[in-house]
Amino acid sequence: MDFRVPANRTAEAQQEILSDLGARGVDGIAISPIDAENQTDFLNHIATNTLLVCADSDAEKSRRTCYIGTDNVAAGTQAAELLKAALSKAGKIILIRRLSERAKREDRIQGIQNGLAGSNIQIIDTLADGTKSAIAQKNAQDALAKHPDLAGLVGLYSYDGPAILTAVRGAGKAGQVKIVCF
């Protein structure tokens, strides 16, 4: 088993790794595509020569053998249930998300919206974190300053949670502003 992570988190860097693995004649590759929509043709080429499995992020239009990962719409719906329980079914929230992995992000947001339908919880904004914890923290700090009545912050990715918590603690709102994070 050979585990590789691109130093530069781009589809191009990921494809370089896959090309190298393909040239070495590996029997199988598991990948979490960075930009599945634009990588489909390349992934199809890889799948002609080796077993290709998508994990965590899917490339559903590719010829991958299978996808192993989260149903992100269902996960978003579960996040909405946590929000409703934490906020007593009312309040303003802001979502913090990354720009990449559009399908995963949009599915999670759709699940949250579906789950919040009919409640008095209002998504007032979504903020892009640039796939950086420091930007997620700054976004949370800015949101807390701009919206003193903010009831909750939702981080759509794992690194968002600690960043949001740091911002909430720094604003002296721990326990007041609820945090839900993937």
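The values are calculated or read from the model by the stated rules, or taken from the named source; none is laboratory data. Computed from a predicted structure; not experimentally measured. Glycine also receives a Cβ, built like all others from the backbone with ideal geometry; neighbour counts cover every protein chain displayed.
Listing for the model above:
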{"quantity": "Filter result for the condition that a residue is under 30 Å from L51 (Cβ atoms) and small (G, A, S), over A117, A86, A75", "calculated": "A75"}
{"quantity": "Scope region 1-28; condition assigned to a helix (DSSP H, G or I) and not hydrophobic (A, V, I, L, M, F, W, C); matching residues", "calculated": "E12, Q14, Q15, E16, S19, D20, G22"}
{"quantity": "Some residue of region 115-128 being more than 16 Å from the chain's Cα centre (by Cα), part of a loop (DSSP other than H, G, I, E, B) and under 24 Å from Q15 (Cα atoms)", "calculated": "no"}
{"quantity": "Scope region 80-99; condition closer than 24 Å to P33 by Cα and either free of Cβ contacts under 8 Å to residues at least 12 places away in the same chain or not in a loop (DSSP other than H, G, I, E, B) (or both); matching residues", "calculated": "L95, I96, R97"}
{"quantity": "Subset of region 88-132 [surrounded by fewer than 19 Cβ atoms within 10 Å (Cβ to Cβ), modelled with pLDDT under 95 and either touching a Phe, Trp or Tyr at 6+ places or on another chain (Cβ under 7 Å) or of a type in the set (A, V, I, L, M) (or both)]", "calculated": "A90, L99, A103, L127, A128"}
{"quantity": "Selection from region 156-182 of residues that are in contact with a Phe, Trp or Tyr (Cβ under 9 Å, 6 or more places away or on another chain) and surrounded by 15 or more Cβ atoms within 10 Å (Cβ to Cβ)", "calculated": "L156, Y157, D160, G161, C181, F182"}
{"quantity": "Options R169, R102; residue that is farther than 19 Å from Q78 by Cα, without any contact (Cβ under 8 Å) to a residue 12 or more places away in the chain and either charged (D, E, K, R) or in contact with a His (Cβ under 9 Å, 6 or more places away or on another chain) (or both)", "calculated": "R169"}
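A quick yes/no check of all residues on (1) surrounded by 13 or more Cβ atoms within 10 Å (Cβ to Cβ); (2) in contact with a strand residue (DSSP E or B) (Cβ under 8 Å, 6 or more places away or on another chain):
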{"position": "F3", "(1), (2)": "no, no"}
{"position": "Q15", "(1), (2)": "yes, no"}
{"position": "R24", "(1), (2)": "no, no"}
{"position": "I31", "(1), (2)": "yes, yes"}
{"position": "D41", "(1), (2)": "no, no"}
{"position": "N44", "(1), (2)": "yes, no"}
{"position": "L51", "(1), (2)": "yes, yes"}
{"position": "D58", "(1), (2)": "yes, yes"}
